1. Nearest 5 is fine: what % of DSSP beta bridges in the chain come out antiparallel, could you say?
2. Over the chain, with every protein chain in place, what whole percent of the accessible area is carbon and sulfur at 1.4 Å, could you tell me?
3. Counting only other residues whose beta carbon sits under 13 Å from that of Lys244, what net charge do I get with K and R as +1, D and E as -1?
4. Run the quick spin-label model on Asp400 and Thr313: label points 7 Å from Cα toward the beta carbon, then report their separation in nm to one decimal.
5. So how strong a dipole does the chain carry about its Cα centre when Lys and Arg Cβ are +1 and Asp and Glu Cβ are -1, to the nearest 20 debye?
6. Summing +1 for each Lys or Arg and -1 for each Asp or Glu, what net charge is found among the other residues whose Cβ lies under 14 Å from the Cβ of Glu54?
7. I'd like the distance between the alpha-carbon centres of the range 82-115 and the range 294-329, rounded to an integer number of Å.
8. Identify which of the listed values of semi-axes √(5λ) of the Cα gyration tensor in Å was calculated from the structure shown: (i) 50, 20, 20; (ii) 70, 31, 30; (iii) 35, 33, 18.
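The values are calculated or read from the model by the stated rules, or taken from the named source; none is laboratory data. Given the structure is predicted, the values throughout are model-derived calculations rather than measurements. Every residue, glycine as well, gets a Cβ built from its backbone with ideal geometry; the counts of neighbours run over all protein chains shown. Note: areas computed on protein heavy atoms with side chains; ligands, DNA, RNA excluded. Shrake-Rupley method; radii C 1.70, N 1.55, O 1.52, S 1.80 Å.
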Amino acid sequence: MTTPDVTRSGWPGTPPAPDPLTGGAPSAGSFTTPSAATAHPSGLPGQRAAFSPELVRADFPILHRTVNGHPLVWLDNGATTQKPRQVIETLAAFYGSANSNIHRGAHTMAREATEAYEGGRAAVADFLGAPSPDSIVFARGTTEAINLVAQSWGRANLGPGDDILVPVLEHHSNIVPWQMVAKETRARVVPVPLRPDGQIDLDAYADLLSMRTQLVAISHASNVLGTVPPVREMTALAHRYGAKVLVDGAQAVAHFPVDVQDLDADFYVFSGHKLFAPTGIGALYAKPDVLAGMAPWQGGGNMIDSVGFNGTTFAPVPHLLEAGTGHISGVVGLLSALNWLTSFDRDAIAAYETSLMEYAQQALAGVPGLELLGSAPDRIAVLTFTLAGHDPSDIAAWLDRDGIAVRAGHHCAQPALGHYGVQSAARASLALYNTAEEVDKLVASLHRLHESA
């Protein structure tokens, strides 16, 4: 399926953008869905826009607001990313001209909405390097996608004595669903320990693998330590024992390209809202043969072929696993976000984020009493830290006075924090629109906090 074209609407207060198809004014009462060709004004068909943080920042209205009298410094990207105006405009255009349910309507707007929804599925497949759009299932996000796999695949394939290997660095969303299904099936969840620097102990991992191992559930990047495990190698080793591998890509997809076929992952999940898209939408990739064997998790409309009191037959995957009306506008927004992100050179983005993280690490090292958690050599730009004499929530409140947004608490990764002997920490997580000047503001504010004690 090819992704349909788009009309970029004007931001409120500006004239509408010309229709990229005709060069004239946009036609009233019609909706065309996003394409990479017009995701950014400097993007041309077949070409990527040059990347710079200044260019990117111009696309984010919220980054130009103030908080407590200071320009906003958004360093809470690990919790959620901000949304470019292209995504915001696309959502408004969809609700303003094409809002309809999908798949079963014969009218024009139903066809437009269906085209947008299935165009989103095709875009996700392309974004992940999946073999087909039919290997993509939409969910509310990473958490729901993991629960879907646990309840559908897990119930059918786990039993007494089976092992589910889960590294200590995992987010709670990649721990608790496995504990729940393990209790139900009498399997067991086996933690894989970490090394002092926050890397997974690969020797311990190899020792824990056995013919009892049915699943390995692992993050592609840690939300609290930034660690990027060697997923491809860990997957290959798990497959030697016949185990399946689920990769939580929530923190990875915004930072570097992903190819699920190269990883050889059996399942890959992510959330749109950490990828410049709306909340409440995400996706599950599963290998076609694995997906074909999964039973429905929820029942209702959309996932059926025919229903009768003498029996019900079901639709094929992926619709089999998408009961009810999906988050249609969320898929439209996700499609717009993917086209926006991929309109830039992603290798250039990754290189910029790495250099910015290294700059931030060096600058934070000069703050007295500050300790960074995790020092894995392969990592994303997540900087989780403690500051001697200050509670993490107080650190976050202090920074907020200067317009700087960071996260404080256990970050839904209590085992990972426990590895360092702490229950909570502050976290600054960087994205492609952050700058060295913003890092300087963070460091200066932390120096003032230290001096205020």
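1. On the way: 28 of 48 bridges.
Given both bridge residues lie in the chain, the antiparallel proportion sits at roughly 60 percent.
2. On the way: 9790 of 18410 Å².
Carbon and sulfur atoms account for 53 percent of the accessible area of the chain.
3. On the way: positive: Arg240, Lys287; negative: Asp162, Asp163, Asp264, Asp266, Asp289.
Counting the neighbours of Lys244, the net charge comes to -3.
4. 5.7 nm
5. On the way: 28 positive and 43 negative charges, 157 e Å.
For this selection, approximately 760 debye.
6. Values: positive: Arg57; negative: Asp59, Glu437, Glu438.
Net charge around Glu54: -2.
7. So the two Cα centres are separated by 22 Å.
8. Identified label for the calculated read-out: (iii).
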